[in-house]
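The values are calculated or read from the model by the stated rules, or taken from the named source; none is laboratory data. No experiment lies behind these values; they were computed from the predicted model shown. Note that we place each Cβ from the backbone using ideal geometry, even for glycine, and neighbour counts take in every protein chain shown.
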């Protein structure tokens, strides 16, 4: 089986409102799959349904090839971070992580070793014996994320994992997740499209309780007919620059210009023609294709 998680036709209704309305998604093993959508699109409800916290009205969940969530079957193999989860105020960081590890089925020794590795990985060594009450919001979030990786589960689901982290700790978590691509299947729900683009191999666009589009990140963002040039100075007349490469349309953006062209022209040919004209304005970067934000806003959200 090449999928770590498959859901088919999930429906969850609250009165007349369908939080899930035929939500079908296959998550490839070893992928980092991002969920993107507006507030209320159904992302969190879907995660809670997969984890067994919410019972659907209809539809199927196949988690790690063993059917719907069953603690006796999936304990230690699957973990989740709910968006608004909290920790017991009087618990101490290391003791909590060791206890959660035991609940996942780890031996006492294995739970201690896993807790210590994660405390170090999440920069919490100086807080290992501190109570949750004494931690800042960002530190609590790091403990909550860390507990999902106890014992190296096969599938981890993270709902807004980077929310509340300072830039340094957010970068540390990104590095931690990236190091697990290919060996741990991770699902990330986030409104920060830059983070989804940096972390994910696959992306699902979600709306109105269902998946509208599921693609690899490369398929969503690769667009041979677009190049963005970041420039140090604003160029003069764009038509004069575009004349160097017939068939190219240039438009100005806040940090430079964007070239758009048909498939008859290659990226290499456009660069060869335009870069000599753009160098006098200080070329800072050349980015073929488009961002995930552009893909979402241009193809889906409007």
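In the set 247, 256, 209, 289, only one residue is on the phi > 0 side of the Ramachandran plot and modelled with pLDDT of 95 or more; that residue is 209.
Given the criterion modelled with pLDDT of 95 or more and surrounded by 15 or more Cβ atoms within 10 Å (Cβ to Cβ), identify the matching residue among 9, 101.
Exactly one of 9, 101 is modelled with pLDDT of 95 or more and surrounded by 15 or more Cβ atoms within 10 Å (Cβ to Cβ), namely 101.
Here 8, 38, 13, 66 are screened, and the one residue that is more than 30 Å from residue 132 (Cα to Cα) and free of Cβ contacts under 8 Å to residues at least 12 places away in the same chain is 66.
Quick check, is residue 290 within 30 Å of residue 38 (Cβ to Cβ), outside the structural domain of residue 199 (by TED's automatic domain parsing) and outside any strand (DSSP E or B)?
Yes; evaluated as a whole, the condition is true for this residue.
Residues in the range 150-178 that are in a loop (DSSP other than H, G, I, E, B) and within 16 Å of the chain's Cα centre (by Cα): 6 in all. Of these, 155, 162, 150, which one is closer than 30 Å to residue 42 by Cα, touching a helix residue (DSSP H, G or I) at 6+ places or on another chain (Cβ under 7 Å) and in contact (Cβ under 8 Å) with a residue 60 or more places away in the chain? Just one listed residue meets the conditions, 150.
For the range 42-69, the set of residues classified as within 16 Å of residue 3 (Cα to Cα) and either touching a helix residue (DSSP H, G or I) at 6+ places or on another chain (Cβ under 8 Å) or exposed (fewer than 13 other Cβ atoms within 10 Å of the Cβ) (or both) consists of 61, 63, 64, 65, 66, 67, 69, listed by residue number. Residues considered: 32, 54, 61. Of these, the only one that is farther than 22 Å from residue 135 by Cα and in contact (Cβ under 8 Å) with a residue 60 or more places away in the chain is 32. Being out of contact with any helix residue (DSSP H, G or I) (no Cβ under 7 Å at 6 or more places or on another chain), free of Cβ contacts under 8 Å to residues at least 60 places away in the same chain and buried (at least 20 other Cβ atoms within 10 Å of the Cβ) holds for only one residue in 127, 141, and it is 141.
Confirm whether residue 98 is closer than 21 Å to residue 167 by Cα and not in a loop (DSSP other than H, G, I, E, B).
No: the conditions fail for residue 98.
The condition (being at positive phi and in the same structural domain as residue 196 (by TED's automatic domain parsing)) is satisfied by just one residue among 40, 34: 40. Here residue 85 fulfils each of the conditions (1) assigned to a loop (DSSP other than H, G, I, E, B); (2) touching a strand residue (DSSP E or B) at 6+ places or on another chain (Cβ under 8 Å); (3) more than 19 Å from residue 10 (Cα to Cα) apart from (2).
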